[in-house]
Every structure is written in structure tokens, then in C-alpha cells.
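A.B. asks: Would you mind keeping the following structure in view while I ask a few things?
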Amino acid sequence: MTAGPAAGPPVRRAIVVGASSGIGRALALRLAHEGYAVGLAARRLPLLLELQAEIGPRAHVRQLDVADTARAMTRLEELIAELGGADLIVVSAGTGHVNPDLAWEHEEETLEVNVLGFAAMANVAYRYFVGRGAGHLVGISSIAALRGSGVAPAYNASKAFVSAYLDGLRHKLARLGSPVAITDVQPGFVRTAMAQGPHVFWAASPEEAAEQIWWAIRRRRKRAIVTRRWRPVAWLMRIVPDAVYHRLG
Ligand SMILES: NC(=O)c1ccc[n+]([C@@H]2O[C@H](COP(=O)([O-])OP(=O)(O)OC[C@H]3O[C@@H](n4cnc5c(N)ncnc54)[C@H](OP(=O)(O)O)[C@@H]3O)[C@@H](O)[C@H]2O)c1
């Protein structure tokens with residue numbers, strides 16, 4: 001009788017929702033580099049297929065629009081099944097507009113994607129991980145979660161929702177005594193399609209952001225401000241009085 005091939009360590013499986021560009025794309029590549037089988041989800045299928053070709057056979061693709069919540073939830077469940085399960089689900093999908101005129105279509109889209117879409121993806125991940133008794137959900141929020149914004153009211157409010165929702169899920173898990181981990185990632189500016197214009201400063205590359213997010217994932221951190229240089233900014237945002245904050249550009 002001949003011995004079969006030695007079984008290696010089980011392949012870890014990660015899904016990135018919002019993997020077609022920016023932070024999500026860089027993180028998917030980082031995870032693939034670490035040996036994860038990766039599920040790639042977003043709306044722009046050609047970009048997902050390009051990334052799949054770059055990663056190779058351990059990449060799986062699902063086109064989904066998180067704002068179409070019911071269908072997106074089914075697609076995410078299908079992707080989990082196709083991967084044979086998931087150890088890590090990252091929800092990076094998000095949108096934002098500088099919206100000084102408070103145009104309703106921008107406010108509405110931001111809330112549909114960042115609030116309803118995020119909650120739908122987190123809901124699938126939470127229920128799946130609790131049922132399995134293990135797993136790690138990562139949400140890409142923003143330091144914008146920390147305060148309101150006069151130029152992008154819906155964006156900052158939507159990110160406050162993301163962070164508070166993740167905190168709520170963490171609270172539920174603690175009450176269950178569940179080992180499932182939740183990480184709330186709060187980036188400052190990262191050089192992506194979303195962060196353009198004269199107001200952008202101290203912008204990290206998506207790769208640098210992904211590296212620090214990966215660091216936080218490995219340590220199962222509850223919260224991570226990315227990149228680290230934004231920590232003092234986040235601290236200031238929390239403590240600066242309204243009278244001063246509201247006078248800032
Ligand atoms: N860049 C920054 O400075 C910064 C700072 C703080 C937080 N963030 C957060 O980081 C996350 C990623 O943004 P990014 O900077 O990497 O910008 P990005 O390059 O524009 O990436 C956004 C990603 O979200 C996906 N997405 C958007 N709407 C979607 C929808 N309806 N359904 C499914 N996927 C959708 C996009 O894919 P498709 O268009 O293909 O669907 C894309 O993959 C966002 O949540 C953003 O709020 C960014």
C-alpha cells in the first residue's frame with residue numbers, strides 16, 4: 001500500500017466584499033499572498049476577473065451589488081459555499097460623495113450602500129460564523145465615523161453606523177460566549193478612486209493600508225486606525241469641542 005500525499009495545513013478562506021478596487025483589492029491580494037483562498041465580490045465583474053487571473057485558481061468571483069440587499073445576501077452565501085466555507089469575511093464595499101449641496105441622490109446612494117448594504121453583508125457573515133462557532137468579520141469603516149461632516153453628512157453618518165453596528169455584533173457575541181472576532185477598521189485617507197481632490201492629505205497607498213489591516217486581522221484587534229499616523233487625528237477628532245470643530249474647513 002502506498003502512502004497518499006501528506007495532508008498540509010488546511011487552506012484558510014477569506015471573502016472580500018468590495019474587492020474590485022482600492023483597499024479591498026489590495027487586501028485580497030495580501031490575503032492571497034498569505035495563502036488564503038479568496039472570494040472576490042463587487043459589481044464590476046471585469047475587474048474581479050482581472051484580479052482572479054492575477055491570483056490564480058484559488059480565487060473565486062461573485063458579482064453582487066450590496067444595495068440590492070436580498071440578492072447580495074444570497075450571492076454572499078453562495079460564495080461561502082463555493083469556497084467550502086469562510087474563516088474571514090471583509091466588507092470593504094462602500095461609497096461616498098463630497099456633497100456640499102446635500103443632493104439627495106448622493107445621500108440616498110451612500111445610505112443604501114454603506115448602511116443597508118453593509119448591514120446585509122455583516123448579517124450573513126455574523127449568522128454564518130456564529131453557526132460555525134468560529135470566524136472573523138472585518139468591516140472597513142472610517143475615521144469619518146468619529147464626527148459629523150458638513151461636506152459629506154451621509155458619509156460620516158454611514159460610517160458611524162458601520163462602527164456602531166460592528167460594536168453591537170461584538171456585544172452579541174460576548175453575550176453568547178462566542179469566539180467569533182470582529183474588527184472595525186477606521187482608515188484615514190487612502191489613495192483610491194474614492195479619495196480624490198484638494199482636501200486629501202497624508203494619503204497612504206492601498207497596499208500600505210492593506211498591510212496594516214492584515215496586521216490588525218492577525219492580532220484579532222477590535223479596532224484599528226489605518227494608517228497609524230492617523231491615530232492622533234482620530235484622538236483629536238474625539239476630543240475637540242464642537243465650537244472649534246464646527247469652525248474647521
Ligand atoms: N480611500 C479612503 O480614503 C478611505 C478612507 C476611509 C474609509 N474608506 C473606506 O474604504 C472602503 C473601500 O473604499 P476605497 O477607498 O478602496 O474606494 P474604491 O476603490 O472606490 O473601492 C470601493 C469598493 O467598494 C465596492 N462597491 C461600491 N459600491 C458597491 C456596491 N453597491 N455593491 C458592491 N460593491 C460596491 C466597489 O466595487 P464596484 O464598484 O465594482 O461594485 C469597490 O470594490 C469604503 O468602505 C470606504 O468608505 C476609504
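The values are calculated or read from the model by the stated rules, or taken from the named source; none is laboratory data. Because the structure is predicted, anything quoted here is derived from the model rather than measured. Positions of Cβ are backbone-derived with ideal geometry, glycine not excepted, and every protein chain shown enters the neighbour counts. Ligands, DNA and RNA are excluded from the accessible area calculation, which covers all protein heavy atoms including side chains. Shrake-Rupley method; radii C 1.70, N 1.55, O 1.52, S 1.80 Å.
A.B. asks: Exactly one condition in (1) within 8 Å of the ligand (Cβ to nearest atom); (2) not in a helix (DSSP H, G or I) is false for Phe201; which is it?
C.D. replies: Going through the list (1) within 8 Å of the ligand (Cβ to nearest atom); (2) not in a helix (DSSP H, G or I), Phe201 breaks only (1).
A.B. asks: How many of the residues making up the range 54-75 are open to solvent by 50 Å² or more (accessible area, probe 1.4 Å) and of a type outside the set (Lys, Arg)?
C.D. replies: Adding up the residues that qualify gives 7.
A.B. asks: A follow-up question, please. Restricting to the range 38-53, count the residues that are charged (D, E, K, R) and under 17 Å from Phe118 (Cα atoms).
C.D. replies: 1
A.B. asks: Any idea how many residues of the range 140-159 are part of a helix (DSSP H, G or I) and open to solvent by less than 30 Å² (accessible area, probe 1.4 Å)?
C.D. replies: 7
A.B. asks: Provide a single number: the residues in the range 66-87 that are in contact with a His (Cβ under 7 Å, 6 or more places away or on another chain) and closer than 19 Å to Ile182 by Cβ.
C.D. replies: Of the residues in the range 66-87, 1 are in contact with a His (Cβ under 7 Å, 6 or more places away or on another chain) and closer than 19 Å to Ile182 by Cβ.
A.B. asks: Same structure, new question: Could you check, for the range 89-96, whether at least one of its residues is away from the ligand (no atom under 14 Å from the Cβ) and part of a loop (DSSP other than H, G, I, E, B)?
C.D. replies: Taking the range 89-96 first, the residues away from the ligand (no atom under 14 Å from the Cβ) are none.
The answer is no, given that none of the residues of the range 89-96 is away from the ligand (no atom under 14 Å from the Cβ) and part of a loop (DSSP other than H, G, I, E, B).
A.B. asks: Looking for whichever is assigned to a helix (DSSP H, G or I), within 12 Å of the ligand (Cβ to nearest atom), among the β-branched types (Val, Ile, Thr) and within 16 Å of the chain's Cα centre (by Cα) here; the options are Val185, Val162. Which one fits?
C.D. replies: Result of the check over Val185, Val162: Val162.
A.B. asks: What's the total number of residues in the range 211-226 that are open to solvent by less than 30 Å² (accessible area, probe 1.4 Å) and touching an Asp or Glu at 6+ places or on another chain (Cβ under 6 Å)?
C.D. replies: 0
A.B. asks: Find the residue count for the range 76-105, including only residues that are closer than 21 Å to Leu166 by Cα and open to solvent by 70 Å² or more (accessible area, probe 1.4 Å).
C.D. replies: Selection size over the range 76-105: 1.
A.B. asks: Could you list, in sequence order, the residues of the range 27-41 that are open to solvent by 10 Å² or more (accessible area, probe 1.4 Å) and within 10 Å of the ligand (Cβ to nearest atom)?
C.D. replies: None - no residue of the range 27-41 is open to solvent by 10 Å² or more (accessible area, probe 1.4 Å) and within 10 Å of the ligand (Cβ to nearest atom), so the list stays empty.
A.B. asks: Report, by residue number, each residue of the range 7-26 that is within 15 Å of the ligand (Cβ to nearest atom) and either acidic (Asp, Glu) or over 17 Å from Arg62 (Cα atoms) (or both).
C.D. replies: Hits for the range 7-26 are Gly22, Ile23, Ala26.
A.B. asks: Of the conditions (1) part of a loop (DSSP other than H, G, I, E, B); (2) open to solvent by 70 Å² or more (accessible area, probe 1.4 Å); (3) in contact (Cβ under 8 Å) with a residue 12 or more places away in the chain, Ser178 clears all except one; give me its number.
C.D. replies: Among (1) part of a loop (DSSP other than H, G, I, E, B); (2) open to solvent by 70 Å² or more (accessible area, probe 1.4 Å); (3) in contact (Cβ under 8 Å) with a residue 12 or more places away in the chain, the lone unmet condition for Ser178 is (2).
A.B. asks: Under 8 Å between Cβ atoms, at least 6 apart or on separate chains: pull out the pairs that start in the range 230-248 with a residue that is open to solvent by 60 Å² or more (accessible area, probe 1.4 Å) and end on any residue that is part of a helix (DSSP H, G or I).
C.D. replies: Once the first residue is open to solvent by 60 Å² or more (accessible area, probe 1.4 Å) and sits in the range 230-248, its partners that are part of a helix (DSSP H, G or I) give Arg238/Leu146.
A.B. asks: With the requirement that a residue be farther than 17 Å from Ala19 by Cβ and not small (Gly, Ala, Ser), what does the range 61-72 give you?
C.D. replies: Asp68, Thr69, Arg71
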